[in-house]
Each structure stands twice: as C-alpha cells, then as structure tokens.
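Engineer: Below is a structure I'd like to ask you about.
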Amino acid sequence: MTNLHKILNKSERLVIGVLSGTSVDAVDIALIKFKGKGENVSLKVLEYKEYKIPAGIKEFVFKVSHKESGSVDDVCRLNFILGKFYAACINKFLKQKDISAKKVDAIGSHGQTIHHLPLTEKFNGIKYKSTLQIGDPSVIANQTGIITIGDFRTADVAHDGGGAPLVPYLDFVMFRSNKTDRILLNIGGISNLTCLPAKCKFSDVVAFDTGPGNMMIDYLSQKFYSKSFDKDCRISKKGTISKKLLSEIKKKDTFLLKKYPKSTGRELYHKSFVDSILKNYKSEPKENILRTFTEYTSYSVSGNIKRLLKLKNNKFELLVSGGGASNCLIMDGLKNNLPNATVTQVNSGGITTSNKEAVLFALLANETLNGNTTNLKSVTGAKKNAILGKICLV
Ligand SMILES: Nc1ncnc2c1ncn2[C@@H]1O[C@H](COP(=O)(O)OP(=O)(O)O)[C@@H](O)[C@H]1O
Ligand SMILES: [Mg+2]
C-alpha cells in the first residue's frame, strides 16, 4: 500500500500506456509525464516505441477471438501469455530507453480485446452487455514491479454502456478548439471518430465507431498475398474500384446506417463477412478487390460523418490517427468524399498518429489515480460516468 499512497499524493506522475489494438500488429508503449488533472492536465510524451507481435501470438489471438475457433482453455492460456508478453515488452522498453522501473509511477494497460458484445442481452432475467480484454494486469504488475491499472472498459459496461469508444476523453482534453469544428478520426482495425464542435463542453461531445478501418484490408492482403497489410497501398494502387462490389459491401454493412451510440469489433467485419461477399467475385482481379475494400473504409467513415453529424459550420478539420492514416488511398478517399474538410494526420503536443492510443491509456490510468471519471456517458450510452480500471498493486 505504501507505493499506492506515494503515487496518489503526487502532483506529477510518470505513467506508461500500453495496448495492442484490433489489428494485433504491435504492442504500442508510451511513457508520459503528467502534471495536474482533469481538464487542466498537461502532458508530455517522453518516449514511444512499438514492439511487433510475433505471428504465432497474433494467430492465437485471432483463433481465440472467434466463436467458431476459440475455446475456454485457450482464453485462459492467452490471458497469461499476453500478460507476460506485454510485461516483457515494457521491461525491454525501459532497458532500451535506460529508464529505471522505480521511476515509473504506474502502467495503464488496455490489453487485447478478444470479444466485444455491446448489444443488450438477457440471461436468466439478468440484462447485460459484455466485453473481454485480456493480458492480465496483475501479471503485468508482478512482472514489471510497477502498479498496473487495466481493464478500462468494464466499469462503463457495468453501467450498461458499450465500453467504447474511450478516446473521446483524450480528444476533448487535448484537441478541442475555440475556433473550429474538429473531428478526430482513428483508423485502427476498426475506425472511430470524435466530433468536437467549436467551444464544446464535455456534454456536447459525440463519438462512435464508424465501422471498418484496416481490418478487412489486412485480411485480404493476408488471404490473397500472404502479407500482413498492404504497405503504402502497393497492391491496391494497381487495382481499380469495382462499383458493383462497393455497392454490395454497402448493402451488407448493417452497422453503417445505425444511429449512435454504437460500437463494434472483430465480430462483425471478420473473415466470414468478407468471404460471404466475395463468393460472387471469384473472377474479379485480386487487386481490384483490395482497392474496393480500401475505398469502402473511406466511404463508410465519410458516410457516417455526412449522415450522422450535424455541424453548424460548413468547414471542419479532420485529424486522422492510427495505422490507416498511413494508407494513402484511405486518406485520398476521405479528401474526395469530404470536400468541406481539411484532412491531416494528428500531430500536436507530441501526440502523433502512432502513439495516440498508448497516450490515451496512460492518461486514463492517471485520472483513475486522481479519482476522476473518464467515460463519457453521452458517448458510450452508459447510465453513469465511472472511474475506469482495476488497480493491481505490487
Ligand atoms: N504504410 C502503411 N500503408 C498502409 N497501411 C498501413 C501503413 N502503416 C500502417 N498501416 C495499417 O495500419 C494497421 C495498424 O493500425 P493500428 O493503428 O496499429 O491498428 P490497431 O489500433 O487496430 O492496432 C496495419 O495493420 C495496416 O493495415
Ligand atoms: Mg496497432
């Protein structure tokens, strides 16, 4: 307990943020220095590094994530495998950056989402929603010697929220503007956006998952070309958009027209979704298929913005982060579909397209230690704002 007392009373903290996203490409680790709290927090990104996830672990995550192939003993195993893997990455990070673990006050760990069921279900008279992030925080705490806060989504889901998105807290604190309407877009495996009208308050923030990000593009690169992703659009640039295929994806995607709050995960856009669409496109050149699914990501993001957001001003800024910000065709598609937007990659105050989500989990951990709530109930649909996370002491 002495360690916890010590860090609770600090006005400045060094916190590590760690996660692996739905793309399961890498473990992202950031070290952040925080001063102050709540809306008045200031932060400095001191270090950031990504550690590639070995193919075997990635395949195991995909296997466990799908109900057809996952099993309860594998979930049990993977919870510890990932906990140990995250801890090993953090220890390596500290060694490479020459930072003593003793200097780090806390770790905020998102873990790996292996299942997300944000729609209300009923069992034995109990109504609930559910989500599961694994890579146990207690394993991380005990393997690094650093107090670890994990499992940030559960408290929101306990209050009947969707448990996602959590990034709007960071977006509001760091990116709101007095002058312009801003939309922050993160294109990971799944895409999500936060809309920040000029001069907005917490309660004005609108945010939701828009649908696919890189997930289906990555699946197709793997399926047709044995590549984990279409680096710099080398494949899709050779293809052309199939209008017929594009309209078929639009038709099949029931999430696109849903009203917010809404969140989704690997469940909806995984291989059976793509494979069922492709049944009738056996003779379509593979590069056209990849090009068309890439276009669909831009289309669905833009469609959500045009249909669901009511911005008062004609012009707005679209600040893009996540791996998809490095996909030039997704970025071009956004510019074409949204002529009123100034589309750029996030790069402000040390927060970049790559490190933003790791910064988020450090920020959420820091606010948990401050006793502040960080879910936005207007965004997740939760009945209450909640202090997120579980604290594992060492
Ligand atoms: N240079 C690039 N060209 C095309 N796509 C890229 C590039 N860099 C990253 N990506 C895409 O970004 C994905 C990783 O995005 P990331 O934000 O890490 O997602 P997640 O949060 O789901 O882990 C990769 O799988 C790939 O699809
Ligand atoms: Mg990633």
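Engineer: Of the listed pairs K129/K384; K37/K103; K250/K383, which have alpha-carbon separations greater than 24 Å here?
Structural biologist: Result: K250/K383 exceed 24 Å.
Engineer: Report the gain in length on full extension from L257 to L393: 0.36 nm times residue separation, minus Cα-Cα distance, nm rounded to one decimal.
Structural biologist: 44.6 nm
Engineer: Taking a cut-off of 19 Å between Cα atoms, list the aspartates and glutamates near K179, but don't count ones fewer than 8 places away on the same chain.
Structural biologist: E39, D171, D204, E317
Engineer: Once you keep just the Cα pairs under 8 angstrom separated by 6 or more residues, what percentage relative contact order results for the chain?
Structural biologist: 22 percent
Engineer: Which whole-number percent gives the relative contact order of region 4-98, counting Cα pairs below 8 Å spaced six or more residues apart?
Structural biologist: Relative CO of region 4-98 lands at 20 percent.
Engineer: Quick one: which of K199/K310; K92/K231; K258/K377; K258/K315; K201/K262 span more than 23 angstrom between C-alpha atoms?
Structural biologist: Values: K199/K310 15 Å; K92/K231 27 Å; K258/K377 18 Å; K258/K315 25 Å; K201/K262 21 Å.
Pairs exceeding the cut-off: K92/K231; K258/K315.
Engineer: Starting from region 39-111, pick out the trypsin sites (Lys or Arg not before Pro) whose DSSP state is loop and whose Cβ has at most 11 other Cβ atoms within 10 Å.
Structural biologist: Within region 39-111, the qualifying trypsin sites (Lys or Arg not before Pro) (loop, at most 11 other Cβ atoms within 10 Å) are K67.
Engineer: Could you check what % of the DSSP bridge pairs in region 168-351 are antiparallel, to the nearest 5? Write out the running numbers ahead of the final one.
Structural biologist: Numbers: 13 of 23 bridges.
Taking every DSSP beta bridge within region 168-351, about 55 percent pair in antiparallel fashion.
Engineer: For the pair Q96 and Y225, what calculated FRET efficiency results from E = 1/(1 + (r/R0)^6), where r is the Cβ-Cβ distance and R0 = 30 Å, to the nearest 0.05?
Structural biologist: For R0 = 30 Å, the calculated efficiency reads 0.40.
Engineer: Counting just the Cα atoms, what span does the chain cover along each of its three principal axes? Round to the nearest Å and put the largest first.
Structural biologist: Sorted from largest, the Cα extents of the chain read 65, 51, 51 Å.
Engineer: With a ≥ b ≥ c taken as the square roots of the eigenvalues of the C-alpha gyration tensor of region 139-220, please select rounded if a/c is under 1.5 and otherwise prolate if a/b is larger than b/c or oblate if it is not?
Structural biologist: Cα axes put region 139-220 in the oblate bin.
Engineer: Separate question: Averaging the inverse of every distinct alpha carbon separation and then flipping it gives the Kirkwood radius. What is it for region 168-351, in angstrom units?
Structural biologist: One over the average 1/r among Cα pairs gives 16.8 Å for region 168-351.
Engineer: Can you tell me the dipole magnitude for the chain around its Cα centre, using point charges on the Cβ only (Lys, Arg +1; Asp, Glu -1), in Debye to the nearest 20? Working shown, then result.
Structural biologist: Details: 59 positive and 35 negative charges, 139 e Å.
Charge dipole, the chain, about its Cα centre: 660 debye, nearest 20.
Engineer: Full-extension gain between K244 and L119, please, as 0.36 nm times their residue separation minus the C-alpha to C-alpha distance.
Structural biologist: 41.9 nm
Engineer: Round to the nearest 0.05 the FRET efficiency obtained for K383 and E59 when R0 = 25 Å and r is the Cβ-Cβ distance. Working shown, then result.
Structural biologist: Details: r = 38 Å, r/R0 = 1.53.
After rounding to 0.05, the efficiency reads 0.05.
Engineer: Label Y128 and K237 with points 7 Å out from Cα along Cα→Cβ: what is the distance between them in nm?
Structural biologist: For the pair Y128/K237, the computed spacing is 4.9 nm.
Engineer: Next up: Can you pull out the trypsin sites (Lys or Arg not before Pro) in region 180-286 whose DSSP state is coil and whose Cβ has at most 10 other Cβ atoms within 10 Å?
Structural biologist: Numbers: sites: R182, K199, K201, K223, K227, K231, R234, K237, K238, K243, K244, K250, K251, K252, K258, K259, K262, R266, K271, K279, K282, K286; in loops: K199, K201, K227, R234, K258, K259, K262, K279, K282.
Answer by residue number: K201, K259, K279, K282.
Engineer: Shape verdict for region 347-394, please, from the Cα gyration tensor: rounded (a/c under 1.5), prolate (a/b greater than b/c) or oblate.
Structural biologist: Because a/c hits 1.5 or more and a/b fails to exceed b/c, region 347-394 counts as oblate.
Engineer: Antiparallel as a % of all DSSP beta bridges within the chain, to the nearest 5?
Structural biologist: Antiparallel bridges make up about 70 percent of those DSSP assigns within the chain.
Here, each number is a calculation from the coordinates, and none is a lab measurement. Predicted model only: the values in this text are computed from it and were never measured. Cβ atoms come from the backbone with ideal geometry, glycine included; neighbour counts cover every protein chain shown.
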